Structure formats: structure tokens, C-alpha cells
Amino acid sequence: MNASDAGPPVSPDDELPAVAPQLRALRRSAGLTLEAAARAAGLSPAHLSRLETGRRQPSLPMLLALARIYGTTVSELLGETVADRDAIVRAGDMEPTRAGGWTYVQAGASGRGMQALRVQVPYGSQGDIVRVHPGEEWLYVLRGRLRLRLGDTAHRLGPGDSAHFDSLTPHRIAAEDQDGVELLFVHTLLQSPTATLCLGPLTGELP
């Protein structure tokens, strides 16, 4: 599966200025050519080049893919740091970031083996994106109702429900209701530049 090269163009209201230089620097630190990194992420070299030069804004799935490939975290790609690997994350210190229609807030310290996020998924956003990658994921529904597809099985989760699964199982996430859904989301990060995240459109709707 390959990720679609379609992605949101940079707009004044939705710009992530730290992403472009970080993407290039981390790719080079990982010892990857533009072509090799793009192939591992399921992107075209031209599209990755546009991300690195700030002409295109990455979606959250793209950030997750590139973070695993480069052996880092989404927070580092965004240029976010927590001083001295502080164990405490204060709500007021973490600004919401919008990418690919999702809004997410870092909920854990950067540079760890797991990444914790609070994620808001609007209705109709990225519901056709299938994710497959090494590691584990845990999610907990805070508000709204979630459609979660794991392999061939569809699940509907409400507030207080959670899921913990091997993320090599093809999975996709969508909001069930027009008001969207808010999640706590934790995933493991494979600290290796060879780690990959496979993304791609899947035909049909979640039942």
C-alpha cells in the first residue's frame, strides 16, 4: 500500500513552520536519500521534497510514518521539546497542532519509547486511511463515538471504551457522529530508521 500524495497545502492558518527543516535534517541524520525515505513512507520523492521545503503540509499519518522511518517522534519532527525529559507534562505548555484534519496535543514527554497524544478526529476525516506498522497501540475514547476497523472486523466504541492491539493488524479510525470523537492515544515507537508505516486508501466504507 502506498500513501496518497494528496495532502493539505500550507495555509496561513494551518502552517507548521518547524516541520520542513526538521524533516530534511532528520532524514539526513538517518542516512537516507530523498528517494529511499519517500519509498519507505509510500510517498513520491517529489511530494517528500515539497514537505521538506514547506510547500506542502504533512498529515498526521505522514508525520507518524516519517517519525518511525527516521527513528524519532512526531514531537521532534515538529521541533517540540520537553526540557530535561521532564516526567510532568503541563496542559498549558502544549499547544494544539492541526494536521490532515486532525487536532492533537502531546500528552507525554518527547524522546520516549512510547508517544502519548490527545487526538480530536472530525467526522469524515481520514476514515479511508489504513495503517499498518510495527508496535502496539492503545486508545481510549474520551468523547463521541469511534469506528475502529481491525483487520476484517469493525468495532464501535463509546466514551470510556478502549482498544489495545498489535498495530501490524491493518486498522483505520473514523468518527461515528457529526460532532467528531476525542481520544487518548498511545503508541510504541520503533527506534530504527528502517521502521515503516504503510498508509493507503481502502475502497469502501466502514460498515
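General remarks:
- Single condition residue 100 does not satisfy, out of (1) at pLDDT below 80; (2) over 30 Å from residue 28 (Cα atoms); (3) among the small types (Gly, Ala, Ser): (2)
- When residue 36 is tested against (1) at pLDDT 80 or above; (2) over 24 Å from residue 186 (Cα atoms); (3) assigned to a loop (DSSP other than H, G, I, E, B), exactly one condition is not met: (3).
- Some residue of the range 111-122 being surrounded by fewer than 18 Cβ atoms within 10 Å (Cβ to Cβ), of a type in the set (S, T, N, Q) and modelled with pLDDT of 90 or more: no
- Looking only at residues in the range 123-140 that are among the aliphatic types (A, V, I, L, M) and surrounded by fewer than 20 Cβ atoms within 10 Å (Cβ to Cβ), the one that is modelled with the highest pLDDT is 130.
- In the range 100-145, the qualifying residues are those that are among the polar types (S, T, N, Q) and outside any strand (DSSP E or B), and the one that is farthest from the chain's Cα centre (by Cα) is 110.
The values are calculated or read from the model by the stated rules, or taken from the named source; none is laboratory data. Keep in mind that what you see is a predicted model, and the values were worked out from it rather than measured. For neighbour counting, all protein chains shown are included, and Cβ atoms are generated from backbone atoms with ideal geometry for every residue, glycine included.
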